[in-house]
Amino acid sequence: MDYKAIEKKWQAKWEKDKLHNFDKKNVDKKFYVLEMFSYPSAAKLHVGHWYNYGPTDSYARYKKMKGFEIFQPMGFDAFGLPAENYAIKTGIHPQDSTIKNIELMENTLREMGAMFDWSNEIKTCMPDYYKWTQWLFLQLYKKGLAYRKEAPVNWCPDCQTVLANEQVIQGQCERCHSTVIQKNLTQWFFKITDYAEELLQGLDGLDWPEKTKAMQKNWIGKSVGGEILFRLENGEDEFKVFTTRADTVYGVSYVVLAPEHPLVKKITTKKQQPLVEKYVEDTAKTKEIERLSLDREKTGVFTGAYCINPVNGKKVPIWISDYVLYSYGTGCVMGVPAHDERDYVFAQKYDLPITRVVKGTTGSDNLPYVGDGVLVNSVDYDGLTCEEARKAILCDLAVKNEGGFKVNYRLRDWLVSRQRYWGAPIPVIHCEKCGAVPVPEQDLPVKLPYNVEFKPDGKSPLAKCDEFMNTKCPICGGKATRDPDTLDTFVCSSWYFLRYPDANNSKEPWNKETANKMLPVDKYVGGAEHACMHLLYSRFITKALRDMGYLDFDEPFKSLVHQGVILGPDGNRMSKSRGNVISPDDYVKEYGSDIFRMYLMFGFSYTEGGPWNDGGIKSIAKFLDRVEKIVTTVNGYKNNKVTAFERDEKELNYVRNYTIKSVDRDMEAFSFNTALARLMEYVSAIYKYDTKEVKNVAFMKDCVKDLVLLIAPCAPHFAEELWSIMGNKKSVFLTSYPTFDESALQKDEIELAVQLNSKVKAKIMVPGSADSQEIEKIALSDENVIKALDGKQVKKVIVIKGRLVNIIV
RNA sequence: GCGGAUAUGGCGGAACUGGCAGACGCGCAGGACUUAGAAUCCUGUGGGAGACCGUGCAGGUUCGAUUCCUGUUAUCCGCACCA
């Protein structure tokens with residue numbers, strides 16, 4: 001078959017017939033399949049795109065044949081750093097390169113032959129999209145979920161931009177890998193922490209990989225404990241520590257403040273001042289990068305000040321150390337060396353007292369002891385278990401107003417400002433009189449100007465563009481300037497799935513009724529690397545929009561699948577520097593897109609991925625050849641002779657129904673490799689039947705028809721061609737998926753293994769209807785079994801129907 | 001360091017709830033067709049001559065373990081002192 005010719009032909013026909021456009025009339029049967037949209041960085045699709053989109057499209061086609069109305073949109077996450085970096089390097093404007101790249105990618109995506117509904121395409125860099133990204137910002141602002149604060153942020157000196165904590169990898173910029181330093185800037189934040197608890201709770205109800213749920217759970221990092229108030233000796237100042245081990249409060253021998261803690265300056269004694277100031281300075285300079293270091297020795301400095309332990313009135317020295325983070329909890333910890341590894345090391349180094357207050361149940365006297373046990377040296381609480389003591393101590397402190405129960409989250413607010421050009425401008429105007437004023441909704445979009453000097457020099461590129469910056473205050477009408485920053489691209493991608501079903505709506509971001517009908521996404525497929533960022537942000541935005549009344553659902557993605565990673569032939573991640581990059585184009589040119597897609601489905605476990613291997617792709621070409629041959633052969637049989645339904649027909653019919661059952665189940669579960677394995681077996685079975693002299697042609701034609709239908713989702717153009725050769729006028733994708741006949745799966749005779757002391761010794765044939773007693777009888781009277789038994793006493797016989805018989809002697 | 005995942009023939013990978021390990025394919029070997037080769041088709045293919053041995057390693061539970069439990073090693077991914 002001339003794959004390339006038929007692929008072109010059917011793609012044109014499908015497009016003409018609008019086969020892939022969502023039909024609103026059938027919204028009750030809707031099924032929203034979404035693949036993560038692509039970043040238009042390079043002109044060509046890489047294997048990763050194919051691996052994400054090809055097999056998932058087959059899943060969508062399978063669902064379509066199962067009677068669902070499929071909505072499978074496609075678009076581009078078009079803002080972002082790479083286009084801007086490319087522009088800095090080449091001088092080509094990000095808008096020009098991006099639009100060109102999108103066009104090229106659209107073409108190759110079409111050549112893939114997927115069921116993308118292009119009538120709802122999204123490009124996040126177009127004003128008709130980012131207008132609504134800005135609208136989203138304004139809604140969050142109105143709701144108090146967007147706010148500004150000065151914060152020490154990660155600054156990438158190479159990209160000249162601020163990075164979110166999540167984008168800093170081992171102290172390095174996620175994209176360019178240069179070392180990240182600290183800098184103070186006033187930034188916009190989204191208050192995702194308001195939703196920490198709900199984001200955590202919501203995970204339980206999601207059909208997501210457990211691994212991903214665990215990662216999000218970890219990221220949110222809920223920690224249940226309490227706060228304890230420590231007053232300074234002088235009685236003037238006080239601070240709270242957060243602890244999960246309130247039970248060990250009698251063992252406190254010192255407390256530690258984060259060096260950045262505001263109290264540090266105030267309480268440090270004159271004598272200690274030089275040391276403390278030096279330490280604070282050093283910490284500020286090297287902070288995160290140094291703090292990330294693995295084998296770093298714990299350091300700290302005594303402030304000279306003391307506070308009072310509220311439970312026993314003891315004087316406790318106050319230290320500072322960089323192992324305490326100002327951004328987590330209260331920025332202070334209590335040091336209990338006897339029951340915490342870090343505190344133990346710290347106390348030993350600085351010769352601080354170590355007091356045991358928990359006795360372990362195992363009787364070991366080693367310190368530090370971090371396990372649970374029974375309290376000692378804790379006055380009234382002695383004898384309580386740790387858990388009882390935690391409650392009792394915090395309750396008692398709460399009564400005295402010196403502490404109480406407290407839950408902490410590791411999750412931090414989402415920093416959305418970027419000092420970058422290629423992004424959606426933040427819709428805020430700064431007025432000297434009125435402060436930060438949101439742009440009125442009717443003035444959206446705040447358009448990104450084209451003529452801008454975007455070469456990095458530490459200032460936002462937009463800040464250098466006067467025509468953009470200078471404007472009037474929407475409140476007082478006086479002179480004002482625009483916010484020079486743009487939004488993190490994760491903001492664009494945190495709501496795109498809401499826009500797709502109503503992508504051409506110019507009056508609102510989406511119609512609420514439409515959104516409520518079309519969402520949530522029924523199957524979302526994309527890389528696991530987005531587990532904690534994109535997937536968490538999208539959930540947050542969805543929940544926030546629900547609270548504002550724009551949506552009636554809480555979760556954007558009901559069911560999630562991560563495809564694996566296709567590695568280079570050498571088993572390493574594909575990269576230009578390694579020279580192990582596989583180009584889909586070469587294979588598609590040689591074999592066509594169906595064969596390439598099918599190989600991706602067959603050669604790997606979908607969620608695992610693995611190293612690329614050339615050999616297998618030929619086998620798929622061979623397989624499709626075999627399918628074509630048998631289909632045309634059988635189609636050519638003129639006499640529709642119906643012979644009796646004998647043993648051979650029953651046999652083939654069994655394989656046929658077993659195949660339908662297995663392939664159906666496997667497609668549903670994204671187990672594409674096994675689905676194709678079953679189809680290969682089925683083809684072999686038909687070939688075998690075809691060698692018979694006398695054939696039931698009508699039956700055989702039915703078998704072949706099912707074969708084409710089953711293979712259609714996996715090789716769409718190929719199957720469509722065969723389907724039309726078979727004389728069908730309607731598209732194969734408008735035909736129902738085959739169903740199986742349970743009765744055909746009941747075999748007259750089943751082969752069972754007979755084990756002797758759990759070792760297989762013989763095979764027996766039993767009637768399909770036989771019960772356990774009959775099976776046992778047949779097994780024990782079998783010639784080979786008797787021989788193997790050799791007259792030994794049978795103790796027990798275990799019969800597992802349909803599987804085996806185990807005779808214990 | 002913590003958390004998660006994975007480990008099965010020469011290779012990619014199967015095995016539903018604890019029930020015949022290695023489906024399907026690649027590769028390899030032999031055969032058919034052919035002047036010859038390619039292509040195609042057929043047969044065989046975990047190891048061992050054999051009884052038997054085999055799912056990273058060492059134990060355990062069970063009539064029975066790739067599957068469950070305990071310990072351990074290696075690799076990959078995520079997080080980075082979270083109080």
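The values are calculated or read from the model by the stated rules, or taken from the named source; none is laboratory data. As the structure is a prediction and not an experimental result, all values here were calculated from the model. Methodologically, a virtual Cβ is constructed for each residue, glycine included, from the backbone with ideal geometry; neighbour enumeration extends over all protein chains shown.
All but one of (1) closer than 19 Å to A:D706 by Cβ; (2) exposed (fewer than 14 other Cβ atoms within 10 Å of the Cβ); (3) touching a residue at least 40 places away in the same chain (Cβ under 8 Å) hold for A:K629, so report the exception by its number.
Of everything listed in (1) closer than 19 Å to A:D706 by Cβ; (2) exposed (fewer than 14 other Cβ atoms within 10 Å of the Cβ); (3) touching a residue at least 40 places away in the same chain (Cβ under 8 Å), A:K629 misses just condition (3).
Condition check: charged (D, E, K, R) and over 22 Å from the mean Cα position of the chain (by Cα). Does A:E69 satisfy that?
yes
Tell me whether the range A:756-768 contains one or more residues that are away from RNA strand B (no atom under 14 Å from the Cβ) and farther than 30 Å from A:K629 by Cα.
Going residue by residue through the range A:756-768, those that are away from RNA strand B (no atom under 14 Å from the Cβ) are A:767.
This time we only want the ones that are farther than 30 Å from A:K629 by Cα, so: A:767.
Scanning the range A:756-768, I find at least one residue that is away from RNA strand B (no atom under 14 Å from the Cβ) and farther than 30 Å from A:K629 by Cα, so the answer is yes.
Looking at (1) modelled with pLDDT under 85; (2) within 15 Å of RNA strand B (Cβ to nearest atom); (3) part of a loop (DSSP other than H, G, I, E, B), find the lone condition where A:K638 falls short.
(2)
Counting only residues that are within 19 Å of A:Y129 (Cβ to Cβ) and out of contact with any Phe, Trp or Tyr (no Cβ under 9 Å at 6 or more places or on another chain), which one in the range A:423-442 is surrounded by the most Cβ atoms within 10 Å (Cβ to Cβ)?
Among them, the one singled out is A:V439.
Can you name the residue in the range A:586-610 that is within 8 Å of RNA strand B (Cβ to nearest atom) and either of a type in the set (A, V, I, L, M, F, W, C) or outside any loop (DSSP other than H, G, I, E, B) (or both) and is also farthest from A:F718 (Cα to Cα) among such residues?
Step by step, filter the range A:586-610, then rank; the result is A:G610.
Which residue out of A:T643, A:T632 is within 16 Å of RNA strand B (Cβ to nearest atom), polar (S, T, N, Q) and modelled with pLDDT under 95? It would help to see each step written out before you state the result.
Values: A:T643 fails: within 16 Å of RNA strand B (Cβ to nearest atom).
Answer to the selection: A:T632.
Could you check, for the range A:685-699, whether at least one of its residues is in contact (Cβ under 8 Å) with a residue 12 or more places away in the chain, closer than 27 Å to A:F596 by Cα, within 16 Å of RNA strand B (Cβ to nearest atom) and not hydrophobic (A, V, I, L, M, F, W, C)?
Looking for residues that are in contact (Cβ under 8 Å) with a residue 12 or more places away in the chain, closer than 27 Å to A:F596 by Cα, within 16 Å of RNA strand B (Cβ to nearest atom) and not hydrophobic (A, V, I, L, M, F, W, C), one finds at least one in the range A:685-699, hence yes.
Before we move on, is A:Y369 crowded, with 18+ Cβ neighbours inside 10 Å, without any contact (Cβ under 8 Å) to a residue 40 or more places away in the chain, more than 30 Å from A:I99 (Cα to Cα) and touching a strand residue (DSSP E or B) at 6+ places or on another chain (Cβ under 6 Å)?
yes
How about the range A:234-284: which of its residues are of a type in the set (S, T, N, Q) and not in a helix (DSSP H, G or I)? Before the answer, list the steps.
Step one: list which residues in the range A:234-284 are of a type in the set (S, T, N, Q), which gives A:234, A:243-244, A:248, A:253, A:268-269, A:272-273, A:283.
If the condition is that a residue be of a type in the set (S, T, N, Q) and not in a helix (DSSP H, G or I), then A:N234, A:T243, A:T244, A:S253, A:T268, A:T269, A:Q272 are the ones that fit.
Test of understanding: among A:K747, A:K795, A:K787, which residue is under 30 Å from A:N653 (Cα atoms) and among the charged types (D, E, K, R)?
A:K747
Taking A:L448, is it more than 16 Å from A:R482 (Cβ to Cβ), of a type in the set (A, V, I, L, M, F, W, C) and either surrounded by fewer than 15 Cβ atoms within 10 Å (Cβ to Cβ) or within 34 Å of the chain's Cα centre (by Cα) (or both)? Steps first, answer last, please.
On the way: more than 16 Å from A:R482 (Cβ to Cβ): no; of a type in the set (A, V, I, L, M, F, W, C): yes; either surrounded by fewer than 15 Cβ atoms within 10 Å (Cβ to Cβ) or within 34 Å of the chain's Cα centre (by Cα) (or both): yes.
Taking the combined requirement at face value, the residue does not satisfy it.
A:R356: away from RNA strand B (no atom under 16 Å from the Cβ) and charged (D, E, K, R), yes or no? Spell out how you get there, then give the answer.
Details: away from RNA strand B (no atom under 16 Å from the Cβ): yes; charged (D, E, K, R): yes.
Against the criterion (away from RNA strand B (no atom under 16 Å from the Cβ) and charged (D, E, K, R)), A:R356 qualifies.
So which pairs qualify, if the first residue must be in the range A:223-240 and of a type in the set (V, I, T), the second must be more than 11 Å from RNA strand B (Cβ to nearest atom), the Cβ gap must be under 6 Å, and the two must be at least 6 apart or on different chains?
What qualifies is A:I228/A:G403.
Counting just the residues of the range A:215-234 that are in contact with a helix residue (DSSP H, G or I) (Cβ under 8 Å, 6 or more places away or on another chain) and of a type outside the set (A, V, I, L, M), which one comes out farthest from A:T330 (Cα to Cα)?
Checking each candidate, the answer is A:Q216.
Which one is modelled with the lowest pLDDT, of the residues in the range A:330-345 that are in contact with a Ser or Thr (Cβ under 9 Å, 6 or more places away or on another chain), more than 14 Å from A:N377 (Cα to Cα) and crowded, with 22+ Cβ neighbours inside 10 Å? Steps first, answer last, please.
In the first step, residues of the range A:330-345 are kept if they are in contact with a Ser or Thr (Cβ under 9 Å, 6 or more places away or on another chain); the result is A:333-340, A:343.
Now narrow it down to the ones that are more than 14 Å from A:N377 (Cα to Cα): A:333-335, A:337, A:340, A:343.
Among the residues that remain, those that are also crowded, with 22+ Cβ neighbours inside 10 Å are: A:333-335, A:337, A:343.
Working: A:V333: 91, A:M334: 92, A:G335: 91, A:P337: 89, A:D343: 86.
Among those residues, the one meeting the criterion is A:D343.
Residue-by-condition table, conditions (1) more than 17 Å from A:V521 (Cα to Cα); (2) crowded, with 22+ Cβ neighbours inside 10 Å; (3) acidic (D, E):
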| residue | (1), (2), (3) |
| --- | --- |
| A:D28 | no, no, yes |
| A:Y53 | no, yes, no |
| A:A60 | no, yes, no |
| A:G67 | yes, no, no |
| A:Q72 | no, yes, no |
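Does A:I566 fit the bill of being assigned to a helix (DSSP H, G or I), within 10 Å of RNA strand B (Cβ to nearest atom) and within 26 Å of A:K63 (Cβ to Cβ)?
no
Could you grab me the full set of residues in the range A:219-245 that are under 25 Å from A:E198 (Cβ atoms), of a type in the set (A, V, I, L, M, F, W, C) and modelled with pLDDT of 90 or more?
Hit for the range A:219-245 is A:F242, nothing else.
Quick test of your reading of the structure: A:G802 fulfils all but one of (1) more than 10 Å from RNA strand B (Cβ to nearest atom); (2) modelled with pLDDT under 85; (3) within 44 Å of the chain's Cα centre (by Cα). Name the failing condition by number.
(1)
I'm checking my understanding of the structure. Among residues of the range A:207-242 that are of a type in the set (D, E, K, R), under 25 Å from A:A528 (Cα atoms) and in contact with a strand residue (DSSP E or B) (Cβ under 7 Å, 6 or more places away or on another chain), which one is surrounded by the most Cβ atoms within 10 Å (Cβ to Cβ)?
At the first step, the residues of the range A:207-242 found to be of a type in the set (D, E, K, R) are A:207, A:210-211, A:213, A:217, A:222, A:227, A:231, A:233, A:236-238, A:240.
Now drop any that are not under 25 Å from A:A528 (Cα atoms), which leaves A:207, A:210-211, A:213, A:217, A:222.
After this cut, where a residue has to be in contact with a strand residue (DSSP E or B) (Cβ under 7 Å, 6 or more places away or on another chain) as well, the list is A:207, A:222.
Numbers: A:D207: 11, A:K222: 15.
Going through the qualifying residues, I end up with A:K222.
Against the definition (modelled with pLDDT of 80 or more and β-branched (V, I, T)), how does A:I102 come out, yes or no?
yes
For A:R418, are the conditions met, namely being crowded, with 21+ Cβ neighbours inside 10 Å, more than 16 Å from RNA strand B (Cβ to nearest atom) and either among the charged types (D, E, K, R) or modelled with pLDDT of 90 or more (or both)?
Judged against the criteria, A:R418 is a match.
What's the number of the condition A:T269 fails, among (1) loosely packed, with under 14 Cβ neighbours inside 10 Å; (2) near RNA strand B (Cβ under 10 Å from one of its atoms); (3) more than 18 Å from the chain's Cα centre (by Cα)?
For A:T269, the failing item is (2).
Among the residues of the range A:786-799, write down those that are in contact (Cβ under 8 Å) with a residue 12 or more places away in the chain and within 14 Å of RNA strand B (Cβ to nearest atom).
Matches in the range A:786-799: A:A788, A:L789, A:K792, A:V794, A:K795, A:K796, A:V797, A:V799.
Do the conditions hold for A:F623, that is, is it aromatic (F, W, Y) and assigned to a helix (DSSP H, G or I)?
Yes, satisfied.
Within the range A:723-759, can you find the residues that are closer than 22 Å to A:V785 by Cα and in contact (Cβ under 8 Å) with a residue 40 or more places away in the chain? Spell out the reasoning first.
Taking the range A:723-759 as the starting set, the residues that turn out to be closer than 22 Å to A:V785 by Cα are A:749-759.
Once the filter is applied, which keeps residues that are closer than 22 Å to A:V785 by Cα and in contact (Cβ under 8 Å) with a residue 40 or more places away in the chain, the range A:723-759 yields A:I750, A:L752, A:A753, A:V754, A:Q755, A:L756, A:N757, A:S758.
Mind checking which strands (runs of 3 or more DSSP E) fall wholly inside the range A:291-352 and carry at least 1 residues that are charged (D, E, K, R), farther than 24 Å from A:E281 by Cα and more than 14 Å from RNA strand B (Cβ to nearest atom)? Let's see the steps before the verdict.
Details: elements: A:301-308, A:315-320, A:332-335.
By residue number, A:315-320.
Of everything in the range A:374-415, what is under 26 Å from A:G221 (Cβ atoms), charged (D, E, K, R) and surrounded by fewer than 14 Cβ atoms within 10 Å (Cβ to Cβ)? Give them in sequence order.
Once the filter is applied, which keeps residues that are under 26 Å from A:G221 (Cβ atoms), charged (D, E, K, R) and surrounded by fewer than 14 Cβ atoms within 10 Å (Cβ to Cβ), the range A:374-415 yields only A:E387.
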